[in-house]
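K.L.:
Here it is, the structure in full.
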Amino acid sequence: GTDAISYSDDLFHLQLRAGSLEAKAVGTEAKSGKGCKIPVAVGKTSVVYHHRSPLESGDLWLASLPLDGPSDSNKEARLTTTMPLSLKRKLVAPKEVTILNEFAPGCA
C-alpha cells in the first residue's frame, strides 16, 4: 500500500513510556466519520469527544482508547443527537478533493 498522509482531524492517545512519547490514533473515523473532533473528557479506558462536520451540527461521542492488553477496543457510540432531522435532510455531502503538495511531508 501507499503511505497516504491526511491532515484531517483525529484524536490521539499519548503515553510516556521509558522516556519516549508514544502516540496511538484513537480511530474515531469508523462511526462518527471525518470532521472536527474535540476531546471533552478522558478516562482510563475511553474518551468523550465533540464531533462536528459539514453534515453534522455537533454531538458528543464515546470512543475506547487504544490500550495494551484486554480492553473494549473499537467501542464507539454516539451519546447525543442534537441536529433536527428536517435540517439533516437538507444538507448535501461535500465532494472530497485531494490536493497533493510536493512540499508537504509524505506527499512527494
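FYI, it's all coordinate maths here, none of it is from the lab. This structure is a prediction, so every number in the text was calculated from the model and none was measured. Backbone-built Cβ (ideal geometry, glycine too); neighbour counts: all protein chains shown.
K.L.:
Sorted by packing (mean other beta-carbon atoms within 10 Å per residue), highest first, where do 86-92, 21-27 land? If you can, show how the numbers build up before the last one.
P.N.:
Details: 86-92: 8.9, 21-27: 13.0.
Packing order, densest peptide first, comes out as 21-27, 86-92.
K.L.:
Sticking with this structure for a sec: Over segment 11-95, what is the mean sequence separation of C-alpha contacts under 8 Å (at least six apart), divided by residue count, expressed as relative contact order in percent?
P.N.:
Numbers: 140 pairs, mean separation 18.4, N = 85.
Worked out over segment 11-95, it gives 22 percent.
K.L.:
With label points built 7 Å along Cα→Cβ from the Cα atoms of K90 and A18, find their separation and express it in nm.
P.N.:
Placing both labels 7 Å beyond Cα along the Cβ direction yields 5.7 nm.
K.L.:
Could you rank the peptides 47-54, 75-82 by their average count of other C-beta atoms within 10 Å per residue, with the highest value first? Please list the in-between numbers first.
P.N.:
Values: 47-54: 17.4, 75-82: 12.4.
So the peptides 47-54, 75-82, ranked by packing, come out 47-54, 75-82.
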